[in-house]
Amino acid sequence: MSNNSIRDITEDSKGNILIGTSHGINILDPKTDKITHYTEKDGLINNTVYGILLDSNNGIWMSTNGGISKLSLEDGTFMNFTISDGLQSNEFNGRSSFKSKDGKLFFGGINGFNVFDPDSVELSLFKPEIIFDKFEVNGVAEKYISSKKLKSTDNNIKVSFFTNDYKNSSSAKYYYNLNGGDSEWEVSNSNTLLFANLSPGNYTLKVKAITQHGVSSEEACVDFTIKRSFWISNLAIFIYVIIIAIIIYLKINKLKKLDQLVNKRIQELRCEMKKNEKLFEKIIALEKNKNNYFVNMSHELRTPLNVLNGLNQLIKGLSKKDTFITPDKLSYYMDVMERNCSRLLSLINNLIDYAKIENNSYTLNKKDENIVYLVEEIVLDMKDYIEGKGIDLIFDTDTEEKEISCDKLEIERCIVNLLGNAVKFTPEGGLIEVLIQDLKDKVKISVKDSGIGIPEEKQSMIFDKFNQVIDDNSKQKNGSGLGLTITKHLIGLHGGEIYVESKVGEGSEFIIILPINNN
Ligand code: ADP
């Protein structure tokens, strides 16, 4: 029900119960128990329904507070009659309606009553036309807004219109629909419509007028658009999407770069670790070699000490027994003791010198020397010793005089060491050559033998005592000194170099290259 205040009840020829209320008329279909109601919104002239009468065609006539309305249930349309159609007044009263036997309808109001034959009521068939009059946007008058695209802030629209039914314009009802027919038609008694705070979008305003006698005008339309504000426009959304995509892309790129940097760093660290591992292994190997060397060296030191100790015991024992020691024997023992003492001294001197060279505290006492003379002197000094071993010795030079700045004693020591080694590793009947060659700003001294030779894999090790594996020759030949190691360092201190060329079974050649001026 549209309202609880009931003013009249009646039944039509189809059995529908018609209930007039203070807010429209209700039609109850007893078969379905469904109620349909009609109010001003649907075309009823006034919502206060006083009396309901039916004509011979099942037309429903109602007296109201605003005139008389006729409702055709078939199509739900209304026809309205007012004082201008000859009614006593627009206001009617309750309990004042009556239908006579000849079908005439009586309605009583505040100024008498009206009686009429419903079948012969004169109707105006004039079809009105809607004409848009004025538009206002945000209170500012606009000539027209049709097809206009308004700013998002221009969203308060006022539309005024009129009909060409000037006579009955006040009794016509206007219907409008802002969304092009999708939503319900709204009714308006006024010919001015105000739409406030419209959201962005496309709008079609449709307006139609229905005269009081139920004649509907054509729909009048006006289209307009309220644009979205830039911040929510398609372009802005597109820009946001692009910006977000760029930010994501940059972030991903940054992450990728970081990842690459981390991977690179990891690789570098791995490489460094590998290098360190190798270095560590090298250092451990070096330490092992040093240990081995010192173990060997201890044996070497012990051997002459044992000899000395043995001889000491022997001489003591002999003197206790009052045994006569012949001068020859004593001299022999003294020789052996002297040799062993000098060997001990040489070993210890080598050790001390090596330590000094390692600590960079070894100093040279350089002077200008004739190197040819210096080497020749050494060769001559050792000539008897070498030839006594059944080895031939040749000295050859392409220059008589070559002055170089050097420490005479240290160069002597190097040549003696090389010659000593040559003798040690050359069998009887062999040949040792000492050759000098003038290279202008350098001089080449070579000590060449026809001895046992050095295997290729050993050649790089012999100059670094601590790097070499246990040296069989060294053991055999009672070596274990630091000869070549010290020699290489001494030549290095002179700014020169030493290297070896050798073939097993054919002999070895040690070559020293010395600059003439090495300051
Ligand atoms: P050592 O005093 O133990 O001989 P060096 O440093 O003088 O020490 O020599 C190192 C090693 O080099 C020797 O043990 C030997 O194996 C090898 N060597 C040196 N000179 C010769 C050479 N002329 N012929 C063959 N091998 C040699």
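Some values worked out for this structure:
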| item | result |
| --- | --- |
| Rounded to 10°, Cα long-axis angle of helix 327-358 versus longest principal axis of the chain | 20 |
| Dipole magnitude of the chain about its Cα centre (Cβ charges: Lys, Arg +1; Asp, Glu -1), debye to nearest 20 | 1540 |
| Selected from Phe224, Leu431, Ile252, residue furthest toward positive end of dipole (the chain; charges at beta carbon) | Phe224 |
| Gain on full stretching of the segment that runs from Val187 to Glu287 - 0.36 nm per residue minus C-alpha separation | 25.2 nm |
| Local net charge near Ala141, Cβ-Cβ under 15 Å (Lys/Arg +1, Asp/Glu -1) | 0 |
| Contact order relative to length of the chain, as percent, for alpha carbon pairs under 8 angstrom and 6 or more apart | 7 |
| For region 1-51 versus region 186-235, the gap between their alpha-carbon centres in whole angstrom | 31 |
| Leading residue at positive end of dipole, region 275-411 (Cβ point charges), from Val336, Asn309, Cys406 | Asn309 |
| Along each principal axis, Cα extent of region 296-427, largest first, Å | 62, 39, 26 |
| The chain, helix-only ellipticity at 222 nm - DSSP H runs n ≥ 4, -39,500 (n - 2.57), divided by all residues, nearest 500 | -12000 deg cm²/dmol |
| Taking Leu311, Leu393 and counting other C-beta atoms within 10 Å, the order from fewest to most | Leu311, Leu393 |
| Exposure proxy ranking, count of Cβ atoms within 10 Å, fewest first, for Asp449, Asp133, Asp438 | Asp133, Asp438, Asp449 |
| Anchor Lys143: lysines whose Cα lies under 28 Å away (excluding residues fewer than 8 positions away in-chain) | Lys127, Lys134, Lys151, Lys158, Lys167, Lys173, Lys206, Lys208, Lys227 |
| Cα gyration tensor, region 380-422 - rounded (a/c under 1.5), prolate or oblate | oblate |
| Where labels lie 7 Å past Cα in the beta-carbon direction, separation of Asn309 and Asn179 in nm | 11.8 |
| On Cα atoms only, tilt of 483-493 relative to the major axis of the chain in degrees | 70 |
| Reach of Lys444 by Cα under 26 Å, taken over lysines that are not fewer than 8 positions away in the same chain | Lys366, Lys367, Lys383, Lys402, Lys408, Lys424, Lys458, Lys465, Lys488, Lys503 |
| Point-to-point label distance, Glu497-Asn349, nm (Cα→Cβ direction, 7 Å offset) | 3.0 |
| Residue list for region 212-239, given a label point 7 angstrom along the Cα-to-Cβ vector of Tyr249 and an amide N cut-off under 19 Å | 235-239 |
| Peptides 395-405, 358-368 ordered by average Cβ neighbours within 10 Å, highest first | 395-405, 358-368 |
| Percentage of interatomic Cα-Cα distances in the chain larger than 33 Å | 68 |
| Modelled FRET efficiency - R0 51 Å, Lys134 with Asn57, Cβ distances, 0.05 increments | 0.75 |
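No value in this document is a laboratory result; all are computed from the given coordinates. For clarity, every value in this text was computed on a predicted model and none was experimentally measured. When we count neighbours, we look across all protein chains shown, and the Cβ atoms used for this are built from the backbone with ideal geometry, even at glycine.
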